[in-house]
Amino acid sequence: MNNQEREQMLAQAKQWILEAGAHIRESIDQPRQVTTKSDAKDLVTDLDEQTEQFFTEKIRSRYPDHYVFGEEGFGDEIASLAGVLWFVDPIDGTMNFVHQKCNFTISIGIYEDGIGELGLIYNVMEDDLYVGMKTQGAYKNGTRLPALKSGGDLEKSILAMNAFWATPNRLIHHEAMQQLVQKVRGTRSYGSAALEFAYVAEGMVDGYLTMSLMPWDIAAGIILVDEVGGKTTTGDGKPLNMLEKNTVLTSQSAIHQEIIDTYIHFK
Ligand code: IPD
Ligand code: CA
Ligand code: CA
């Protein structure tokens, strides 16, 4: 994809994301149909589904040869990263959407043959749009985000993470997570993975660590963090698999390896 194609696609994606976001804001106080998916904490609403349908229809009519990998199943069956692929999380942070009516995002990542080209994360209620463009930088509401600081110190860092991972769980040793919580200056948990990636890119937090995210949760955020010089890998430092669930650490580069080496111990 050349710069001109990327710019055109960005303009189009921006228009759709702002339109979908405005619709969500307008209907925020309407009663919702809330159901659960994989477990009792995994919520989905009629608006998650309608929003994904909106994007899928728009993408298919404007770009019939592109693929859609969406959370709610309105997109394509995706088994390969070949071609142009739109990762769509129509509402990231559905629990926040249902309970708090804030701190949720629409997250769209556009990849070509597995390479991240464009990432858009829209904080709907704040009307903040984060954009990452391959080799062209990361932006918040049109203003370029500066590069992340290079000499980070874990003791002076704020880390976004869910408290769940510092309690006994099947995946990692929680005692080491507790040590990490004690080591850093503070922890935060915002409840929308895409928003947490955007906050890493913005330098609001120094890293975000979590053990279970799907490709649509991270596709846009990876590009943003990359463009400000940060790093995103699995929890054991490997490249992410954009077709499957991943453990994820995204952070400014200086603290990345120390978190992996010292604090993430898989069972
Ligand atoms: C969830 C949110 C949440 C993260 C979960 C995700 P959803 O996405 O990003 O912060 O902890 O792992 O599944 O279900 O609200 O789109
Ligand atoms: Ca999500
Ligand atoms: Ca979602």
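The values are calculated or read from the model by the stated rules, or taken from the named source; none is laboratory data. Keep in mind it's a predicted model, so treat the numbers as computed, not measured. Note: ideal-geometry Cβ built from the backbone for every residue, glycine included; neighbour counts use all protein chains shown. Surface areas here come from the heavy atoms of the whole protein model, side chains and all, with no ligands, DNA or RNA. Shrake-Rupley method; radii C 1.70, N 1.55, O 1.52, S 1.80 Å.
If you model the chain as an ellipsoid using its alpha carbon gyration tensor, with each semi-axis the square root of five times an eigenvalue, the axes come out at 28, 21, 18 Å, biggest first.
Of LYS238/LYS267; LYS245/LYS267; LYS101/LYS238; LYS58/LYS134, which ones are farther than 25 Å apart at the Cα? Among LYS238/LYS267; LYS245/LYS267; LYS101/LYS238; LYS58/LYS134, the Cα-Cα distance tops 25 Å for LYS101/LYS238. Cβ-Cβ distance of LEU171 and ASP46, R₀ of 30 Å, FRET efficiency by 1/(1 + (r/R0)^6): the value works out to about 0.40. Here the Debye sum runs over all C-alpha atoms of region 1-85 as equal scatterers in vacuum, and log10 of I(q)/I(0) at q = 0.13, 0.16 Å⁻¹ comes out as -0.53, -0.76. Comparing ALA254, ILE223, VAL184 along the charge dipole axis of region 154-263, the residue lying farthest to the positive side is VAL184, per the Cβ-charge model. Among the GluC sites (Glu not before Pro) in region 96-164, those located in a DSSP loop and surrounded by at most 14 other Cβ atoms within 10 Å of their own Cβ are GLU126.
Computing the accessible area with a 1.4 Å probe over protein heavy atoms, can you report the carbon and sulfur percentage for region 1-156?
Exposed carbon and sulfur together represent 46 percent of the surface.
Packing around the peptides 101-108, 236-243, 209-216, taken as the average count of other Cβ atoms within 10 Å per residue, puts them in this order, highest first: 101-108, 209-216, 236-243. Scaled to the globular estimate 2.2 N^0.38 Å, the Cα spread of region 84-234, given as radius of gyration, is 1.02. Hull volume per residue, based on the alpha-carbon atoms of region 154-263 and their convex hull, is 86 Å³. Semi-axis lengths, largest first, of the ellipsoid equivalent to region 3-144 are 25, 18, 13 Å, with √(5λ) applied to each eigenvalue of the Cα gyration tensor. Computed with a 1.4 Å probe over protein heavy atoms only, the accessible surface of region 3-144 comes to 47 Å² per residue.
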